[in-house]
Every structure is written in C-alpha cells, then in structure tokens.
Amino acid sequence: MEMKYKIEDIEEIECLGEVDQDVYDIGMKDCPHTFFANDILVHNSVFASALPLIEKNYPKIDVNNESQMTEAILTVAGDVQEYVNKFYDVMAKRFFNLDKHRFDIKQEVIAKTSFWLAKKRYAQFIINNGGVEVDELEVKGIDVVRTSFPIKFKEFMLQFLQDILKKVSKDVINKSILDFKDKMPEYNIFELAKNTSVKFISQNNKTNYNPNERHPFNMVKGTPAQVKAALYYNDLLKLWKLDGLVEPILHGQKIKWVYLKQNQYGIECIALKADDTDPDKIIEFVEKYIDKNAMYEQELKGKLEDFYKVLKWDFPNNNLSNEFFSF
C-alpha cells in the first residue's frame, strides 16, 4: 500500500522537572518490566488504535477484512517505526553523544479487539505477532491467568473475556453469568477451592501462627485466611483422632481452601491437601458446609463487576438464582 499520510515533526517538548529520588524497577511474573520515573509509569510498549489513521488514509478499506487491515496496519507501523528509529539516531548523538546505541522501536502485535480493565490489566485477540499471522488470546494481569484462582472460575473468566472481545451482546453475557451461578451446586469442592501455598511464619519472621501453646480452633491475631484454613484442617485431624493416620498440612505446603457456612466448630474456612490423602470425614465435612455463595461473592463477582463498571453496564441480578444458597 502506498503511504498517504505525513508524519509531522515534534513541535514542542515540555519539561516536567526533575526530582532527586529513587527509581523503582518492578519485576512481574506475567508482565514485562516497567518502572516509575518522576512518578510516571514507564513501559516498554505502546498500544494505540490504528483505526482512525487507517480510515483517514485508506477510506475505501473494508475495516472488517482482517487481511486488508493487517496489511494496512503493518504499513503504518513500519513507517512510524522507521521515522522514530531515525529520530533515535539524532537523539543519541545530540543528548548522549553516542555514535552507536541500542535505542530501537519495532512493531510487536496487531490485535483485532482489546479490553483494558486498568493499567497492566488487559486482554486482546492477537491476529499478527511480529509479522506472523496468529489467532490467540493474550491476557495480562487478570485473574484468569493466576494459578491461585479456582478452576471453575478461571474457566468461566476465560469464556467471559472471549465473549467481551468477540463483542457478544450484553444480554447473552448477563445470561451466562446467571446460568453459571445457578449451576454452582453441581461443581465439586476442588473446582471451587482457591489454590495457594501456606506458611505458618509471617513474612517478616516475627509471628508464628502455629505456636506450641495454640489451642485447637483458636488463632493468633492477624492469622491470614489460608493459614487459618490449614490449621483448622490439622485441628480436625486431632479432634477426630486421624492425626496418626493422615499427615497434617505442613509449613510451605500447597493447599486448596474454601469458605464455610456456620458449623458446630465455628470455623469459617478450611483447607484440603487435594493429593488423594484427605480423609473421607473431612471431605464430607467440607462438602456439607462449603459456602458456595461466599466463594462466588469473594472470588468471582467482584472481578466481574470491575468489567461491568468499565463497560458502564448494570450487573445482572436474578433473585431466583440465589435460592440454592439458602440450602
């Protein structure tokens, strides 16, 4: 495609001032490096909609044709890339007195649709990655990619994201949420449990949440929920005289845990090892008292509401779908 636009020169650069302060480098497992400089979040990628520029310079293009749009975007991105990299040569010499440098900008991905929930929290359908045609969902910073998220909620969130990016109607998405909520009684405890590891010593090594003098079902003030869940599991093993047959949950062990409804022991949560060694009596106890309403409210509903706020939609509510929570 012939270039039909002109890239203007920079007219003005505003100085934001300088502050003598530390610069914090942030390393994230599921995101690229970013850092704060003078209170500005600096990122190594820039996302922008190509549609306005494409529609202006290629008015006859079919914006619904992925092949045509990809070709046009690659042309635009290539022109911008070339222009900026030439400017880097000037910048390196003028500001840093460098004849050789490693400043570089290049086109990364083309996404058909994208959704930004907040900074560093987004999802997009990528149709071109580095010039190669693909068809893949990329998710950054949203719970669907986190191992701690319950299995069933992760599955639902993945479909939810796909529906939003595919521009499925609000009514259809609303119905999917209500249908999922209505089907929660069918899901087993392991599918709804949170995944984590448990540590009986605080991160600063100042608090032991499981001291020798701790009485069963009594917790040290400030004990995290997942630690309580693990200790309650161990307490039940002792109470039911199963501790000689089943190994307790240990410091540093991976667990699954759930919220509980009111029960005779007054415990609000409990863990499971989920390694085929949990005694039947504890599994039966969890199945009887698991609070699926709390699991939905605490682990899924709030996250869905975040999307609805961005979309400016009213969150679906069906009182009939709440009936099973009173069972």
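The values are calculated or read from the model by the stated rules, or taken from the named source; none is laboratory data. What you are looking at is a predicted structure, and each value in this text was computed from that prediction instead of being measured. Backbone-built Cβ (ideal geometry, glycine too); neighbour counts: all protein chains shown. Ligands, DNA and RNA are stripped out before the accessible areas are found, and what is left, the full protein with its side chains, is counted by its heavy atoms. Shrake-Rupley method; radii C 1.70, N 1.55, O 1.52, S 1.80 Å.
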Residues being more than 13 Å from S202 (Cβ to Cβ) and either in contact with an Asp or Glu (Cβ under 7 Å, 6 or more places away or on another chain) or at pLDDT below 95 (or both) - total across the stretch 216-233: 2
In the stretch 121-173, how many residues are in a strand (DSSP E or B) and not charged (D, E, K, R)? 12
Against the conditions (1) within 29 Å of D179 (Cα to Cα); (2) without any contact (Cβ under 8 Å) to a residue 60 or more places away in the chain; (3) open to solvent by less than 20 Å² (accessible area, probe 1.4 Å), where does D278 fall short? Just the number, please. (1)
Exactly one condition in (1) in a helix (DSSP H, G or I); (2) more than 13 Å from the chain's Cα centre (by Cα); (3) surrounded by fewer than 17 Cβ atoms within 10 Å (Cβ to Cβ) is not met by F190; state its number. (3)
Among (1) at negative phi; (2) in a loop (DSSP other than H, G, I, E, B); (3) surrounded by 14 or more Cβ atoms within 10 Å (Cβ to Cβ); (4) among the hydrophobic types (A, V, I, L, M, F, W, C), the one test that A230 misses: (2)
Residue hits (the stretch 281-305; under 18 Å from M157 (Cβ atoms) and surrounded by fewer than 13 Cβ atoms within 10 Å (Cβ to Cβ)) are G302, E305
Contact list, first residue from the stretch 140-152 and farther than 15 Å from K120 by Cβ, second anywhere and modelled with pLDDT of 90 or more and among the polar types (S, T, N, Q), beta-carbon distance below 8 Å, six or more apart or interchain, is T147/N195; S148/N195; S148/T196; F149/N195; P150/N195
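Looking for something within 31 Å of the chain's Cα centre (by Cα) and at positive phi - is there at least one such residue anywhere in the stretch 79-93?
First, pick out the residues of the stretch 79-93 that are within 31 Å of the chain's Cα centre (by Cα): 81.
Adding the requirement that they be at positive phi leaves none.
No, every residue in the stretch 79-93 fails to be within 31 Å of the chain's Cα centre (by Cα) and at positive phi.
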